[in-house]
Amino acid sequence: MLHVKDLNVSIGETPILNGLTLDVGPGEVHAIMGPNGSGKSTFAHALAGRDGYKIEGTATLDEADLLDMEPEARAAAGLFIGFQYPVEIPGVNNMYFLRTALNSVRRVRGDTEIGARDFLAVAQEAMDLVEMKPDFLNRAVNAGFSGGEKKRNEILQMAVMEPRLAVLDETDSGLDIDALRIVASGVNALRGPERSMIVITHYQRLLEYIRPDFVHVLVDGRIVESGDHKLALHLEDHGYADFVNHDLNDAPERSLSGAAR
Amino acid sequence: MTTTSTTDFPDAVNAPAYPTKRDEAWRYAPHRELARLSFGPANVLTGRLPDKIDAQIPVLEGPRIVIVNGVVDHTRTDLTNLPPGLQLAGLADARRDQPDMFAAHVDTGISSADDAFAQHNHAFAQDGAIVHVAAGHHVDVAIHIVDVTLADDTPNASCSRVMIRVDDGASATVIETRIGAGGFGGSNTQTTVTLGDEASLNHITLQDVPPTQVHLSHIDVTQHARSLFRGHLFNLGGSYGRVAYNVHLAGKEASTDLSGLYFGTGDQTLDQQITIIHGAADCTSRQTFRGVLDDTSTGVFNGGIDVRPGADGTDAEQANDNLLLSDRSEANTQPRLEILADDVMCKHGATVGQLDDDTIYYLRTRGIPHAEARRLLVHGFAHQIVDGIHNQILRDWIGERLGDLHG
């Protein structure tokens, strides 16, 4: 599925990711946790193809070389990014946007495009997943949406696009507990043996709803610790202090003993 | 009166005052090209109209008058099945066949004919259209007036006039399409609208002459009490496409709502010159104009609100937003407000911006290719103006012209 090896990303002269290596197998859900500024979002957008990064290393999705592709080609290859700050697009109808997105990737994949009427059924199913009212589709994309609605719209897009790999960047930020529950249940419904996910989060809270198979701790642009969901619990209790500004060679033992409690 | 030898027209008597770059309203006009045009009597077309002209005309239900190089083309004009209350005729035909009707229409309304080109129109426009809706009648079908300019080897500019009168309590929709073919040339049209008490007119202008031509248009509107004018402009064609609205709110509680989209590509200059005169109490006016400017095109919005003494209770708003698609395109926006009354609400705002990189990136991460993402955003920007048009055939025509994927 996804293989990231020795990924170095800098913005200007500032290194953000320093040799990040990560393998994600089919159907797996990985959580990436880390303090502010550790490079979590940069990782997501380096995979997605945002401009302005200097990148070294490799990242392949189903053998396709992601780093060599335009952002739209990465989407067609099966990558989906849930944005921490979804963009408002006044004047562009949500339904039209969703259908254009879906048909764009279908065209590249050689699938037939879906007409307006058939798409309504596709959209309806996705809307039920995130408990959206029908008028949601007739509004402009994210324009005037509440924080929760924007995040639900991200999950709605994910449901419509049916990606191979979804990277959800701080999907829990700014959500109240009800919205968090809706978003998480949408994500859980989309889990499957052929779909992998990377859930990027600052807090352990989201992982109470989305149980990851693996948890990774990202500090200073590299993964310093990996474990199962218990690692997240350890972080909840102890914060990232164990991993920051101290000899990283000591970190695994200490954190694992913490996680094993 | 004589003119001195220092003018451009030393031999002319009553030489019209040709505008120059020093005139604010003509600052962005291509004066050299305008000087090359000869604004004379219409060049009557002798040959066949190219087939492709017909394909450019939106096919609407209802009557239509087609004017080619300033003369009504009867083979393309359809005046059958006119609904009750509607008089519709070619201007020259009316002068010959219905002199009373003709007399009733000429010299009605005000004119903004204070520049040389408007005077040319008055002097040389021999033909055009007369639209008259009798009091209390609601004409449901759209009345379509098509002005075609076929430039031949002479740099001729055709003149035509459209006179629209909607009497008390009546309503109608008039669509004016301006198109053409051929090389360098121009058209110079004058529309005069008079709305009686509580009359209403939906007036749509599709300006899409070829990029080889210059288009000059005056639309003068006089509104009586509680009348409603809705003007929709799509200013798309011409090397220089100029549309000037001069709206006089002469009766109390009259309301005017102007909206427009100008979409420039290549080296086009698209120029909107608007003056709304609040001449009576409690009138409302809206100006909502959006410009999309690509390549090296220039957009001009010069919008005036003129609140006369006694026009208390005026409610006027103006908004002009521009989207620059190229770093060599240009938007010029200027509000002109003159307020000489009390209890006046006047708002204006203007913006000039570019497509947002973050938004394009967001769309691309959803699989939407770069070019399509740009189109989608441009469409979104234009949406507010296109949405004012309810006729699906016109929406499709505009959408197609804008390269819009909605179809």
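Read-outs throughout are calculated quantities, based only on the coordinates presented, and are distinct from any laboratory measurement. Since we're looking at a predicted model, the values are computed, not measured. Here the Cβ is made from the backbone with ideal geometry for all residues, glycine too, and neighbour counts use every protein chain on show.
Compute the relative contact order of chain A as a whole-number percentage, counting only Cα pairs closer than 8 Å that sit 6 or more residues apart in sequence. The value is 26 percent. The length gained on full extension between residue B:38 and residue B:327, counted as 0.36 nm times the residue separation minus their Cα-Cα distance, comes to 100.6 nm. With an a/c value under 1.5 for the gyration tensor axes a ≥ b ≥ c computed over the alpha-carbon atoms, chain B is described as rounded. Take every Cα pair under 8 Å whose residues are at least 6 apart in sequence, average their separation, divide by the length of region B:248-387, and the relative contact order is 22 percent.
Bridgeable aspartates and glutamates around residue A:230 (alpha carbons under 13 Å apart, same-chain partners fewer than 8 residues away excluded): A:208, A:213. Legend: ranking of residues A:187, A:224 from fewest to most surrounding C-beta atoms inside 10 Å; resulting order A:224, A:187. Can you give the FRET efficiency to the nearest 0.05 for residue A:236 and residue B:342, using r as the Cβ-Cβ distance and R₀ = 60 Å? Efficiency for this residue pair is about 0.35. Contact order, relative form, for region B:339-407: 22 percent (alpha carbon pairs under 8 Å, 6 or more residues apart, mean separation divided by residue count). Summarising the amide proton neighbourhood of residue A:16: residues at separation of 5 or more, or on other chains, whose placed amide H is nearer than 5 Å comprise A:9, A:10, A:11. As an exercise, use a Förster radius of 41 Å and the Cβ-Cβ distance of residue B:51 and residue B:123 to find the FRET efficiency, rounded to the nearest 0.05. Efficiency, rounded to the nearest 0.05: 0.80. Other residues within the sphere of radius under 12 Å centred on the Cβ of residue B:355, judged by their own Cβ, net out at -3 (K and R +1, D and E -1). Would you give the gap between the C-alpha center of region B:111-189 and the C-alpha center of region A:201-218, rounded to a whole Å? Each part reduced to its Cα centre gives a spacing of 68 Å.
In terms of other Cβ atoms within 10 Å, B:27, B:165 run from fewest to most in the order B:27, B:165. Note on region B:170-249: with charges restricted to the Cβ of Lys and Arg (+1) and Asp and Glu (-1), its dipole about the Cα centre is near 140 debye. A Gaussian network model of chain B, with springs between Cα atoms under 10 Å, assigns the largest mean-square fluctuation among B:310, B:291, B:70 to B:310. Close amide H contacts of residue B:70 (hydrogens built in the peptide plane, cut-off under 5 Å, sequence separation of 5 or more or a different chain): B:148. With K and R counted +1 and D and E -1, the other residues having a Cβ less than 13 Å from that of residue A:226 yield a net charge of -3. Straight Cα distances below 15 angstrom link residue B:52 to the aspartates and glutamates B:147, B:208, with same-chain residues fewer than 8 positions distant left out.
Across the options A:110, A:207, A:47, the greatest Cα extent toward the positive end of the charge dipole of chain A (unit charges at beta carbon of Lys, Arg, Asp, Glu) belongs to A:110.
Backbone amide hydrogens, once placed in the peptide plane, bring residue A:113 within less than 5 Å of nothing, excluding anything fewer than 5 places away on its chain. Spatial offset of region A:35-96 relative to region B:305-369 amounts to 34 Å, using the alpha carbon center of each. Each residue in A:11, B:143, A:210 was given a count of other beta-carbon atoms within 10 angstrom of its own, and listing them fewest first yields A:11, A:210, B:143. With a cut-off of 12 Å between beta carbons, the residues surrounding residue A:200 carry a summed charge of -2, where Lys and Arg count +1 and Asp and Glu -1. A simple spin-label model places the labels of residue A:36 and residue A:5 3.6 nm from each other, with each point 7 Å out along Cα-to-Cβ.
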